[in-house]
Amino acid sequence: MKHKGTVTIETDRIILRKFSADDINAAFYNWTSDEKVTEFLRWPTHKDIGITERVLNDWIAEYKNLNFYQWAVVPKNINEPIGTISVVDIDERTEKIHIGYCIGSKWWHSGFTSEAFSAIIPFFFEQVEAKRIEAMHDPENPNSGRVMKKCGLIYEGTLRKADWNNRGIVDACMYGILASDYFKE
């Protein structure tokens, strides 16, 4: 793959960009402290802003690495991040990218997550030259699966007790799209 790092990507309603230290308050108040957001995630709800500050500072430091992809999801109408979309795993051998995302519950069902995911798919296939993009979700969180379907990923099956999150050991519904699928469209 030809890694490019976290580049700015713009759609009609959102900007996907790198985080900055100025985003700490918005991140904490918009999603990292929201227990509804973290229910199906692997990291605990942030109980104080210092945790969010450490996480964002770690991400900011990682931007020097071209294989690090961590975007702030920023609606143009409010100009502050409401969530994040990122690469949570890369397999160089199979040229596979695994995507994770979360958005503040105040913005659920607004289409922002689907818009963000749809925006990074062309970037990874056309510029990074990935061969596969995948994502998975807890079956108890079907809205996440709807995002994946809306973005053109294909449901590939449910892996039994193959993942973990704040609910414990859980099944994992796997979705994927191949470069060959994308370029046929």
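I'm trying to understand the selection: among the residues of segment 126-185, which are open to solvent by 40 Å² or more (accessible area, probe 1.4 Å), assigned to a strand (DSSP E or B) and either free of Cβ contacts under 8 Å to residues at least 24 places away in the same chain or under 22 Å from G111 (Cα atoms) (or both)?
Scanning segment 126-185 gives M136, I154, Y155, E156, T158, L159, R160, K161, A162, I169.
Could you grab the pairs with beta carbons closer than 9 Å, sequence gap of 6+ or different chains, first residue in segment 54-70 and farther than 12 Å from S86 by Cβ, second one part of a helix (DSSP H, G or I) and open to solvent by 40 Å² or more (accessible area, probe 1.4 Å)?
L56/A21; N57/A21; I60/A21
Right, E92: of a type in the set (D, E, K, R), at positive phi and open to solvent by 60 Å² or more (accessible area, probe 1.4 Å) or not?
Spelling it out, it is not the case that E92 is of a type in the set (D, E, K, R), at positive phi and open to solvent by 60 Å² or more (accessible area, probe 1.4 Å).
Of all residues in segment 13-42, which are touching a residue at least 24 places away in the same chain (Cβ under 8 Å), assigned to a loop (DSSP other than H, G, I, E, B) and farther than 12 Å from W71 by Cβ?
R13, S20, D34, E39, F40, L41, R42
Just to be sure before I move on: is R42 among the charged types (D, E, K, R), within 14 Å of the chain's Cα centre (by Cα), open to solvent by less than 70 Å² (accessible area, probe 1.4 Å) and under 25 Å from F123 (Cβ atoms) in the structure I sent?
So R42 fails the test.
Of all the residues that make up segment 15-31, how many are open to solvent by less than 40 Å² (accessible area, probe 1.4 Å) and over 14 Å from the mean Cα position of the chain (by Cα)?
6
Could you list, in sequence order, the residues of segment 46-86 that are under 23 Å from N25 (Cα atoms) and touching a His at 6+ places or on another chain (Cβ under 7 Å)?
T52
Tally up the residues in segment 39-63 that are under 23 Å from A119 (Cβ atoms), of a type outside the set (V, I, T) and at pLDDT 95 or above, please.
The total comes to 4.
Could you tell me which residue of segment 66-79 is nearest to E95 (Cα to Cα), considering only residues that are open to solvent by 50 Å² or more (accessible area, probe 1.4 Å) and out of contact with any Lys or Arg (no Cβ under 7 Å at 6 or more places or on another chain)?
For segment 66-79, the residue satisfying everything is N67.
Which of the residues spanning segment 102-125 are over 16 Å from Y155 (Cβ atoms), buried (at least 19 other Cβ atoms within 10 Å of the Cβ) and of a type in the set (F, W, Y)?
Within segment 102-125, F112, F124, F125 qualify.
Being closer than 30 Å to K131 by Cβ, in contact with a Gly (Cβ under 9 Å, 6 or more places away or on another chain) and at pLDDT 95 or above is true for just one of F68, F19. Which residue is that?
After ruling out the rest, the residue left standing is F68.
For C102, are the conditions met, namely being of a type in the set (A, V, I, L, M, F, W, C) and without any contact (Cβ under 8 Å) to a residue 40 or more places away in the chain?
So C102 fails the test.
If you scan segment 1-14, which residues turn out to be open to solvent by 50 Å² or more (accessible area, probe 1.4 Å) and either polar (S, T, N, Q) or within 17 Å of V73 (Cα to Cα) (or both)?
T8, E10, D12, R13
The values are calculated or read from the model by the stated rules, or taken from the named source; none is laboratory data. Bear in mind the structure is a predicted one, so any value in this text is a computation, not a measurement. Positions of Cβ are generated from backbone atoms using ideal geometry, with glycine treated the same way; all protein chains shown enter the neighbour counts. Remember, those area values only see protein heavy atoms, side chains included, never the ligands or the DNA or RNA. Shrake-Rupley method; radii C 1.70, N 1.55, O 1.52, S 1.80 Å.
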